[in-house]
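**Q** Got a structure here, written out as structure tokens. Questions coming.
The values are calculated or read from the model by the stated rules, or taken from the named source; none is laboratory data. Here the structure is a predicted model, which means the values were calculated and not measured. A quick note on method: Cβ atoms are made from the backbone with ideal geometry, for glycine too, and the neighbour counts reach across all protein chains shown. These accessible areas exclude ligands, DNA and RNA; they are computed on the full protein's heavy atoms, side chains included. Shrake-Rupley method; radii C 1.70, N 1.55, O 1.52, S 1.80 Å.
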Amino acid sequence: LALCEVWGISRTPMREALKVLAAEGLITMKVRRGAYVTEVSVTDVTEVYQLLALLESDAAGEVALNVGAAGRAELAELHQRLESLVLERDAFFRANEHFHRRLLEMAGNRWRLQIVTDLRKVMKLNRHHSLLKAGRVEKSLAEHRALMTAIEAGNAEEATLRMRQHFESGLEAAAPSTD
């Protein structure tokens, strides 16, 4: 009811929106208690990172092997944008997401793209976002540079390895601290 007032909509569209979010696993509906943002466990984060590493590293190899000069130039431009936004956190997050999405689009498997899009929705629920850790943005950029070098060289094996390492490093940074 409070959300309906905030958004200025009736209950029916709000219920429908909540059903969609629940179907996507982003909220949990509790009988007679309402809707809650889904909790993401350490196991969830680990499993999602593992899947993203597999799917996106495969895409990176495909791109290195099959994307022409125009695609490589576009990725290089997107990477340069990332470099320029290092001090603007929100813009950097959006640019990073765009870089990864374009790489997936260039790889050309709509099913992989859909799965990764769904997995990234889950990652947005994670309170321990890897890029929030001190020094992680700079490390992420270094990983992107190594990935771009492999893609520009057309080295699929190296691009696959670099993307996998990028996600492994992200998972390590995303793990909640135990201090």
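**Q** Give the stretch 34-64 a look and list any residue that's in a strand (DSSP E or B) and either within 25 Å of Leu104 (Cα to Cα) or among the hydrophobic types (A, V, I, L, M, F, W, C) (or both), or say none.
**A** In the first step, residues of the stretch 34-64 are kept if they are in a strand (DSSP E or B); the result is 34-37.
Selection gives Ala35, Val37.
**Q** OK, next. Does Met14 count as in contact with a Cys (Cβ under 9 Å, 6 or more places away or on another chain) and without any contact (Cβ under 8 Å) to a residue 60 or more places away in the chain?
**A** Working: in contact with a Cys (Cβ under 9 Å, 6 or more places away or on another chain): yes; without any contact (Cβ under 8 Å) to a residue 60 or more places away in the chain: yes.
The answer is yes for Met14.
**Q** So, one more: Can Leu54 be described as modelled with pLDDT of 95 or more, under 17 Å from the mean Cα position of the chain (by Cα), under 18 Å from Arg162 (Cα atoms) and open to solvent by 80 Å² or more (accessible area, probe 1.4 Å)? Walk me through it before giving the result.
**A** On the way: modelled with pLDDT of 95 or more: yes; under 17 Å from the mean Cα position of the chain (by Cα): yes; under 18 Å from Arg162 (Cα atoms): yes; open to solvent by 80 Å² or more (accessible area, probe 1.4 Å): yes.
It is true that Leu54 is modelled with pLDDT of 95 or more, under 17 Å from the mean Cα position of the chain (by Cα), under 18 Å from Arg162 (Cα atoms) and open to solvent by 80 Å² or more (accessible area, probe 1.4 Å).
**Q** Among the residues in the stretch 138-154, are any in a helix (DSSP H, G or I), open to solvent by 20 Å² or more (accessible area, probe 1.4 Å) and either modelled with pLDDT under 95 or in contact with an Asp or Glu (Cβ under 6 Å, 6 or more places away or on another chain) (or both)? Show your work before the answer.
**A** Of all residues in the stretch 138-154, those in a helix (DSSP H, G or I) come to 138-152.
From what is left, the residues that are open to solvent by 20 Å² or more (accessible area, probe 1.4 Å) are 138-139, 142-143, 145-146, 149, 152.
From what is left, the residues that are either modelled with pLDDT under 95 or in contact with an Asp or Glu (Cβ under 6 Å, 6 or more places away or on another chain) (or both) are 138-139.
Yes.
**Q** Can you tell me which residues in the stretch 62-94 are without any contact (Cβ under 8 Å) to a residue 12 or more places away in the chain, surrounded by fewer than 15 Cβ atoms within 10 Å (Cβ to Cβ) and aliphatic (A, V, I, L, M)?
**A** Residues satisfying the conditions are Ala69, Ala70, Ala73, Leu87, Ala91.
**Q** Note down all Cβ pairs under 9 Å where the first residue falls in the stretch 29-43 and is within 15 Å of Lys121 (Cα to Cα), the second is open to solvent by 80 Å² or more (accessible area, probe 1.4 Å) and assigned to a loop (DSSP other than H, G, I, E, B), and they're at least six residues apart or on different chains.
**A** Val40/Arg127
**Q** Regarding Ala22, is this residue of a type in the set (Gly, Ala, Ser), open to solvent by less than 60 Å² (accessible area, probe 1.4 Å), part of a helix (DSSP H, G or I) and without any contact (Cβ under 8 Å) to a residue 40 or more places away in the chain?
**A** Numbers: of a type in the set (Gly, Ala, Ser): yes; open to solvent by less than 60 Å² (accessible area, probe 1.4 Å): yes; part of a helix (DSSP H, G or I): yes; without any contact (Cβ under 8 Å) to a residue 40 or more places away in the chain: yes.
Yes, satisfied.
**Q** Could we say that Glu97 is open to solvent by 30 Å² or more (accessible area, probe 1.4 Å) and among the charged types (D, E, K, R) here?
**A** Numbers: open to solvent by 30 Å² or more (accessible area, probe 1.4 Å): yes; among the charged types (D, E, K, R): yes.
Taking the combined requirement at face value, the residue satisfies it.
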